[in-house]
Amino acid sequence: MQSLSVNEYLRQHIRTVPGWPAPGVQFRDITPLLQDPKVFRVLIDAFVHRYMDKALRPDVVAGLDARGFILGAVVAYELNVGFVPIRKKGKLPFTTVEETYELEYGSATVELHTDAVKAGDRVLLIDDLIATGGTMMAGKKLLEKLGATVTEGAAIVDLPELGGSQRLRESGLPLYTLVDFEGH
(Lines give C-alpha, C1' and ligand atoms only; values in the text may rest on other atoms or scores of the structure.)
Protein backbone atom coordinates (compact mmCIF):
# COMPACT_ATOMS: atom_id res chain seq x y z
CA MET A 1 0.00 0.00 0.00
CA GLN A 2 1.37 3.39 -0.98
CA SER A 3 1.50 5.90 1.85
CA LEU A 4 -0.46 9.12 1.38
CA SER A 5 0.83 12.61 2.03
CA VAL A 6 -0.86 14.42 4.90
CA ASN A 7 -2.59 16.64 2.32
CA GLU A 8 -4.02 13.69 0.38
CA TYR A 9 -5.01 11.90 3.59
CA LEU A 10 -6.97 14.98 4.70
CA ARG A 11 -8.49 15.46 1.23
CA GLN A 12 -9.94 11.94 1.43
CA HIS A 13 -11.82 12.93 4.59
CA ILE A 14 -13.40 16.13 3.26
CA ARG A 15 -16.95 15.57 2.10
CA THR A 16 -18.25 17.30 -1.02
CA VAL A 17 -21.94 18.18 -0.88
CA PRO A 18 -23.23 19.08 -4.37
CA GLY A 19 -25.83 21.81 -4.71
CA TRP A 20 -25.51 23.22 -1.19
CA PRO A 21 -26.25 25.92 -0.15
CA ALA A 22 -27.26 26.76 -3.73
CA PRO A 23 -27.44 24.94 -7.07
CA GLY A 24 -24.06 24.65 -8.76
CA VAL A 25 -22.06 24.96 -5.53
CA GLN A 26 -19.79 22.10 -4.45
CA PHE A 27 -19.72 22.59 -0.66
CA ARG A 28 -16.50 21.33 0.96
CA ASP A 29 -17.58 19.96 4.35
CA ILE A 30 -14.71 19.67 6.84
CA THR A 31 -16.78 18.12 9.65
CA PRO A 32 -15.62 14.56 8.81
CA LEU A 33 -12.08 15.73 9.66
CA LEU A 34 -13.28 16.52 13.17
CA GLN A 35 -15.34 13.38 13.77
CA ASP A 36 -12.56 10.81 13.57
CA PRO A 37 -9.99 11.28 16.37
CA LYS A 38 -7.07 10.03 14.25
CA VAL A 39 -7.94 12.33 11.33
CA PHE A 40 -8.51 15.26 13.69
CA ARG A 41 -5.08 14.71 15.25
CA VAL A 42 -3.40 14.57 11.81
CA LEU A 43 -5.15 17.83 10.90
CA ILE A 44 -4.16 19.67 14.06
CA ASP A 45 -0.61 18.30 13.97
CA ALA A 46 -0.19 19.61 10.41
CA PHE A 47 -0.72 23.12 11.74
CA VAL A 48 1.04 22.71 15.09
CA HIS A 49 4.23 21.26 13.60
CA ARG A 50 4.46 24.21 11.19
CA TYR A 51 3.95 26.85 13.86
CA MET A 52 6.27 25.29 16.42
CA ASP A 53 9.09 26.57 14.21
CA LYS A 54 10.54 29.61 15.98
CA ALA A 55 10.36 31.79 12.84
CA LEU A 56 6.63 31.09 12.40
CA ARG A 57 5.55 30.76 16.05
CA PRO A 58 2.77 33.24 16.90
CA ASP A 59 2.16 35.02 20.19
CA VAL A 60 -1.59 34.57 19.69
CA VAL A 61 -3.90 32.55 17.44
CA ALA A 62 -7.03 34.30 16.15
CA GLY A 63 -9.88 32.15 14.86
CA LEU A 64 -12.59 33.33 12.48
CA ASP A 65 -16.24 32.65 13.31
CA ALA A 66 -17.14 29.79 13.53
CA ARG A 67 -15.07 26.84 12.31
CA GLY A 68 -11.88 28.85 12.81
CA PHE A 69 -12.70 28.68 16.53
CA ILE A 70 -12.46 24.89 16.50
CA LEU A 71 -9.10 24.83 14.78
CA GLY A 72 -7.64 27.95 16.33
CA ALA A 73 -8.41 27.06 19.94
CA VAL A 74 -6.82 23.62 19.64
CA VAL A 75 -3.77 24.92 17.77
CA ALA A 76 -3.31 27.71 20.35
CA TYR A 77 -3.57 25.18 23.18
CA GLU A 78 -0.98 22.92 21.59
CA LEU A 79 1.38 25.86 20.99
CA ASN A 80 0.80 27.15 24.53
CA VAL A 81 -0.29 30.59 23.31
CA GLY A 82 -3.49 32.56 23.73
CA PHE A 83 -6.56 32.33 21.51
CA VAL A 84 -8.88 35.16 20.45
CA PRO A 85 -12.18 34.78 18.59
CA ILE A 86 -13.15 37.07 15.74
CA ARG A 87 -16.94 37.00 15.87
CA LYS A 88 -19.88 38.01 13.75
CA LYS A 89 -21.25 41.42 14.75
CA GLY A 90 -23.22 41.55 17.97
CA LYS A 91 -21.78 38.41 19.58
CA LEU A 92 -19.04 39.90 21.79
CA PRO A 93 -20.01 41.47 25.13
CA PHE A 94 -17.13 43.93 25.67
CA THR A 95 -15.87 46.96 23.74
CA THR A 96 -15.07 45.98 20.15
CA VAL A 97 -13.57 47.14 16.89
CA GLU A 98 -15.38 46.09 13.75
CA GLU A 99 -14.73 45.57 10.06
CA THR A 100 -17.33 45.24 7.32
CA TYR A 101 -16.63 43.29 4.15
CA GLU A 102 -18.49 42.45 0.98
CA LEU A 103 -20.17 39.13 0.31
CA GLU A 104 -21.47 37.84 -3.00
CA TYR A 105 -24.87 39.31 -2.10
CA GLY A 106 -24.57 42.07 0.48
CA SER A 107 -22.08 42.57 3.29
CA ALA A 108 -21.14 41.22 6.71
CA THR A 109 -19.34 42.60 9.75
CA VAL A 110 -16.94 40.92 12.16
CA GLU A 111 -15.76 42.18 15.53
CA LEU A 112 -12.88 41.73 17.94
CA HIS A 113 -12.54 42.82 21.57
CA THR A 114 -10.33 45.89 21.87
CA ASP A 115 -8.12 44.10 24.42
CA ALA A 116 -7.82 40.84 22.43
CA VAL A 117 -4.27 41.53 21.25
CA LYS A 118 -1.52 43.97 22.11
CA ALA A 119 0.45 46.19 19.75
CA GLY A 120 3.33 44.16 18.36
CA ASP A 121 1.72 40.74 18.91
CA ARG A 122 2.49 38.23 16.17
CA VAL A 123 -0.83 36.62 15.23
CA LEU A 124 -1.71 33.50 13.28
CA LEU A 125 -5.14 33.99 11.68
CA ILE A 126 -6.96 30.71 11.05
CA ASP A 127 -10.18 29.56 9.39
CA ASP A 128 -11.47 26.38 7.80
CA LEU A 129 -11.66 27.56 4.19
CA ILE A 130 -10.62 30.40 1.89
CA ALA A 131 -13.16 31.22 -0.81
CA THR A 132 -13.34 34.91 -1.75
CA GLY A 133 -10.99 35.87 1.10
CA GLY A 134 -13.33 38.53 2.51
CA THR A 135 -13.59 37.12 6.03
CA MET A 136 -9.86 36.57 6.41
CA MET A 137 -9.08 40.03 5.02
CA ALA A 138 -11.53 41.59 7.49
CA GLY A 139 -9.93 39.63 10.34
CA LYS A 140 -6.47 40.82 9.28
CA LYS A 141 -7.64 44.44 9.22
CA LEU A 142 -9.19 44.13 12.70
CA LEU A 143 -5.99 42.74 14.19
CA GLU A 144 -3.93 45.44 12.50
CA LYS A 145 -6.27 48.16 13.88
CA LEU A 146 -5.13 47.02 17.32
CA GLY A 147 -1.46 47.13 16.34
CA ALA A 148 -0.87 43.40 15.90
CA THR A 149 0.99 41.85 12.99
CA VAL A 150 -0.73 38.98 11.18
CA THR A 151 2.24 36.77 10.32
CA GLU A 152 0.25 34.23 8.31
CA GLY A 153 -3.26 33.21 7.35
CA ALA A 154 -3.99 29.48 7.60
CA ALA A 155 -6.85 27.31 6.43
CA ILE A 156 -7.60 23.68 5.73
CA VAL A 157 -9.10 24.27 2.28
CA ASP A 158 -8.36 26.77 -0.46
CA LEU A 159 -10.77 27.27 -3.37
CA PRO A 160 -8.32 29.06 -5.70
CA GLU A 161 -10.83 29.60 -8.54
CA LEU A 162 -12.76 32.02 -6.31
CA GLY A 163 -9.68 34.25 -6.12
CA GLY A 164 -9.53 34.75 -2.36
CA SER A 165 -6.09 33.28 -1.79
CA GLN A 166 -4.64 35.36 -4.62
CA ARG A 167 -6.22 38.55 -3.22
CA LEU A 168 -4.93 37.79 0.27
CA ARG A 169 -1.39 37.12 -0.99
CA GLU A 170 -1.51 40.30 -3.09
CA SER A 171 -2.38 42.20 0.12
CA GLY A 172 0.87 40.92 1.62
CA LEU A 173 -0.58 38.13 3.76
CA PRO A 174 1.36 34.86 3.51
CA LEU A 175 -0.99 31.85 3.40
CA TYR A 176 -0.69 28.23 4.44
CA THR A 177 -3.38 25.82 3.28
CA LEU A 178 -3.49 22.04 3.36
CA VAL A 179 -5.88 21.11 0.54
CA ASP A 180 -6.82 22.89 -2.69
CA PHE A 181 -10.05 22.11 -4.52
CA GLU A 182 -10.58 23.32 -8.05
CA GLY A 183 -14.12 24.50 -8.71
CA HIS A 184 -16.48 25.81 -6.07
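The values are calculated or read from the model by the stated rules, or taken from the named source; none is laboratory data. This structure is a prediction, so every number in the text was calculated from the model and none was measured. Because the Cβ atoms are built from the backbone with ideal geometry, glycine has one as well, and the counts that use them run over all protein chains shown. Note: accessible area is taken over every heavy atom of the protein model, side chains too, but ligands, DNA and RNA are not part of it. Shrake-Rupley method; radii C 1.70, N 1.55, O 1.52, S 1.80 Å.
Could you tell me the relative contact order of the chain? Use alpha-carbon pairs under 8 Å, at least six residues apart, and round to a whole percent. List each step's numbers first, then the result.
Working: 355 pairs, mean separation 30.8, N = 184.
It comes to 17 percent, rounded to a whole number.
Projecting the Cα atoms of 22, 166, 155 onto the charge dipole of the chain, computed from C-beta unit charges around the Cα centre, puts 155 farthest toward the positive end. Accessible surface computed residue by residue for the chain, with neighbouring protein chains in place and a 1.4 Å probe, gives 52 Å² per residue.
Shape of segment 111-184 from the C-alpha gyration tensor: prolate (a/c of 1.5 or more and a/b above b/c, with a ≥ b ≥ c the square roots of its eigenvalues).
Spatially close Lys pairs in the chain, defined by Cα atoms under 27 Å apart and a spacing of eight or more places or different chains, total 20. Only protein atoms count toward the accessible area here, which uses a 1.4 Å probe; on the chain, the carbon and sulfur part of that area reaches 53 percent. Taking every protein chain into account, the 1.4 Å probe leaves residue 3 with about 100 Å² of accessible area, to the nearest ten.
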